[in-house]
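The values are calculated or read from the model by the stated rules, or taken from the named source; none is laboratory data. Predicted model, so just to flag it, every value in this text is computed and none were measured. Note: ideal-geometry Cβ built from the backbone for every residue, glycine included; neighbour counts use all protein chains shown. Accessible surface areas use protein heavy atoms only, side chains included; no ligands, DNA or RNA. Shrake-Rupley method; radii C 1.70, N 1.55, O 1.52, S 1.80 Å.
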Amino acid sequence: MKGFDPAQRLVDLANEVRVTPEASREALAALLARHGERADDLTPEAFSAADAAELRAAARRMGEVLAETDADRAAAALNALFEVCGARPRVTRHDGHAWHLHADREDAGWGDWFLAAGALALASVLTEYGRVAWGACAAARCGAYFLGTGPGSARRYCSAACASRERVAAHRRRQRAGQ
């Protein structure tokens, strides 16, 4: 089975809830399925409307961490999430996935699961890169969350298209100001 990326799952869920604050249970289940969650765990009985509401609230909270630009404040926010969730790391292997870390309690609900898993994913990124390697797009009409774990300096935009639009807009402003 192909590996999965908890940090990208976090970003995708946070973006879904940012764009569609009341994203449906079905939309969230489909997104989770694309990220490797088992169909049995996403049935209406296993993942109810109340579970979806809990997940949306957790995604909004993780969005606050994704918007954080300071490494010290990000680390403090991640540690606070670990504390709130009662997270204790454990190594696990299931559903055809390779060994990997979980930080959620065995009995965690969808919200606590997402907060603990998301905090673990971002903590891994922060400690690997030694900086906040994520963000909210600086483009005026975007704001999408992104991971910026590639080479080079820290990113400000979610995509080359947003960066280009901002450069063109700045160029046009300078031209107008010069006239």
Hey, does region 38-45 have a residue that's over 13 Å from the mean Cα position of the chain (by Cα), closer than 19 Å to A144 by Cα and acidic (D, E)?
no
With the structure loaded, tell me whether D112 is of a type in the set (D, E, K, R) and open to solvent by less than 50 Å² (accessible area, probe 1.4 Å) or whether it fails that test.
yes
What number of residues within region 140-178 are open to solvent by 80 Å² or more (accessible area, probe 1.4 Å) and either touching a Phe, Trp or Tyr at 6+ places or on another chain (Cβ under 8 Å) or at positive phi (or both)?
1
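Looking at region 35-75, which of the residues that are in contact (Cβ under 8 Å) with a residue 40 or more places away in the chain and assigned to a loop (DSSP other than H, G, I, E, B) is least open to solvent (accessible area, probe 1.4 Å)?
Restricting to residues being in contact (Cβ under 8 Å) with a residue 40 or more places away in the chain and assigned to a loop (DSSP other than H, G, I, E, B), the top hit is F47.
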Sort out for me the strands (runs of 3 or more DSSP E) sitting completely within region 79-149 that have 3 or more residues that are under 30 Å from A169 (Cα atoms) and in contact (Cβ under 8 Å) with a residue 12 or more places away in the chain.
134-136, 145-147
Among the residues of region 115-133, write down those that are farther than 20 Å from V91 by Cα and either open to solvent by less than 10 Å² (accessible area, probe 1.4 Å) or of a type in the set (G, A, S) (or both).
G130, A133
